[in-house]
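Some notes on the structure that comes next.
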Amino acid sequence: MNLRHRLLARLALPLFACVSACAAADAPAPARPLPPLTQNGGTWPTSHVQGIAVDLQGGYIYYSFTTLLAKYDFSGKLVGTLVGWAGHLGDLDFNPRDGRVYGSLEYKKDRAFYVAVIDVRRLDRIGVDAAKSDLFRTVYLPEVVKDYAADMNGDGKFDGDVAQTPDHRYGCSGIDGVSFGPEFGRTDGPRYLTVAYGIYANTQRSDNDHQVLLQYDVTDWERYARPLTESAPHHSGPAEVHGKYFVRTGNTTYGVQNLAYDDVQQRWFMGVYQGKKPAFPNYLLFAVDARTAPKRSDLVGVPAAGGHGTEQGMLLALAADGLNDATTGIRGWNQKADVGIQPLGHGLFYLAVNSGVKGRQTGDITLHRWTGAPAAPFAPATAADLLPLTAP
């Protein structure tokens, strides 16, 4: 190559780089993966599916099967599993602010209740042992322990994991539902982790007819999070809650199983196992509007300390739609949402259904569109319903 050609080649290199960069800048961003209309969460030798969480940006779905966490991508590929604990991992929620999945974790015998904080970004293989990995850390919830272990009849004895007892304040059996959302009474501002009590089914008492919701600010939870050692459960956790709230629904079997905040409707949804008290409508799904401010009111059926009068608490009103029980004024829907409900935005929700036999449990999720109809609040979604999710 002569001198003239070499000079032209040197001039062409930066020009080619500029053209390539400009073309890349003008190229459309790669399409975000679309969530599936349906997906199966695998078959596992565990208890039934307890809850789901979705990372919409990353394209992953997480399933809790009590003693196993499964991670799938939107194509249905199993990406990883986390195992190695004996406690009850319940409902899940994904926190996009830190890329972690948060889930309720119970050890009733040890009077130890935790939020599991799982760094799912690094869960990329099958059979990761939680006890041998720093992916899985836990934060202790002393407020829950205080209510669970409360000696309500003053006999000086803790009755343990028993429903038919006057012990356990508010009928607290531990925790189940978890979700991130705004402070109750607001739709903006910081997001708090909301944790719902499990409530024993006991038709012989009147102080267990409220759902109990705790809100926590998790921004400083790194100072509490510890590895889980089941032989010596730790007690590292926040001494105070950001707020404690009550929703009168009537007693349900094990309280709020699944909790979910929907940004579109600005509403908290609570999926439950059906209650057994004949005085209540015993709906399967309840909702609280986020804008409705909590009010300090009497907690009907809950005696005040010392037995004089009625205890007061911050009461949340149920949303004013759905089926309406004329006798109690309680509203809700007969919609199964007890093993998984996850809003995706644009009126779309995943609902989970459990099936299988002991030792071979599976779970299936189906995408639904909110209708709000009292008799059928959800309808199966179609491919056309996914189009709004393609927007960046």
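The values are calculated or read from the model by the stated rules, or taken from the named source; none is laboratory data. All figures in this text were calculated on a predicted structure; none of them were measured in a lab. Backbone-built Cβ (ideal geometry, glycine too); neighbour counts: all protein chains shown. For accessibility, only protein heavy atoms count, side chains too; no ligands or nucleic acids. Shrake-Rupley method; radii C 1.70, N 1.55, O 1.52, S 1.80 Å.
Numbers below:
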quantity	calculated
Per residue value of the accessible surface for the chain (all protein chains in place, 1.4 Å probe), Å²	44
Square roots of five times the Cα gyration tensor eigenvalues for region 251-392, Å	31, 20, 14
Centroid-to-centroid separation of region 62-86 and region 360-382 [C-alpha atoms, Å]	22
For region 43-179, share of DSSP beta bridges that run antiparallel, in % to the nearest 5	95
Shape category assigned to region 223-297 from the gyration tensor of Cα positions, a/c cut at 1.5	prolate
Net lengthening on full extension, Lys276/Asp188 (0.36 nm per residue, minus Cα-Cα)	28.0 nm
Ser231 accessible area, assembled protein chains, probe 1.4 Å, Å²	110
Nearest-20 debye value, region 112-229 charge dipole, Cβ charges on Lys, Arg, Asp, Glu	400
For region 92-228, convex hull volume per residue from C-alpha positions, Å³	130
Kirkwood Rh in Å, taken over region 19-154 so that all alpha-carbon pairs contribute	16.7
Ser236, Ser47, ranked by accessible area, largest first (probe 1.4 Å)	Ser47, Ser236
Cα centroid of region 275-320 to Cα centroid of region 205-252, whole Å	18
Furthest towards positive pole of dipole, Tyr224, Met270, Thr253, structure part region 222-275, Cβ charges	Thr253
Test item: Cα-centred dipole of the chain, Lys/Arg +1 and Asp/Glu -1 on Cβ, debye	1120
Calculated P(r) of region 117-170 - Cα pairs past 18 Å, %	54
Val357-Gln204 FRET efficiency (beta carbon distance; Förster radius 22 Å; 0.05 resolution)	0.10
Local net charge near Ile341, Cβ-Cβ under 15 Å (Lys/Arg +1, Asp/Glu -1)	-4
Relative contact order for region 102-141, counting Cα pairs under 8 Å that sit 6 or more residues apart, in percent	43
Rounded to 10°, Cα long-axis angle of helix 3-26 versus longest principal axis of the chain	20
Spin-label model distance (nm) - Ala232 vs Ala379, 7 Å beyond Cα toward Cβ	5.9
Rg/Rg_globular for the chain, with Rg_globular taken as 2.2 N^0.38 Å and Rg from C-alpha atoms	1.13
With every protein chain in place, region 26-128: carbon and sulfur % of accessible area (1.4 Å)	53
Segment Asp119-Leu323, length gained on full extension (0.36 nm per residue, minus Cα span)	69.5 nm
Sum of -39500 (n - 2.57) over DSSP H runs of 4+, divided by residues of the chain (222 nm, nearest 500)	-2500 deg cm²/dmol
Residue order for His210, His346 - accessible surface, 1.4 angstrom probe, largest first	His346, His210
FRET efficiency, 1/(1 + (r/R0)^6) with R0 30 Å, evaluated for Gln164 and Leu37 via beta carbons	0.10
At R0 = 51 Å, FRET efficiency that the Cβ-Cβ distance of Leu389 and Asp110 yields, to 0.05	0.75
For Gly243, net neighbour charge (Lys/Arg +1, Asp/Glu -1) across residues whose Cβ lies under 14 Å away	+1
Heavy-atom accessible surface of region 310-392: percent carbon and sulfur, 1.4 Å	56
Net +/- balance of residues flanking Leu285 in space, Cβ distance below 15 Å, scoring K and R +1, D and E -1	-4
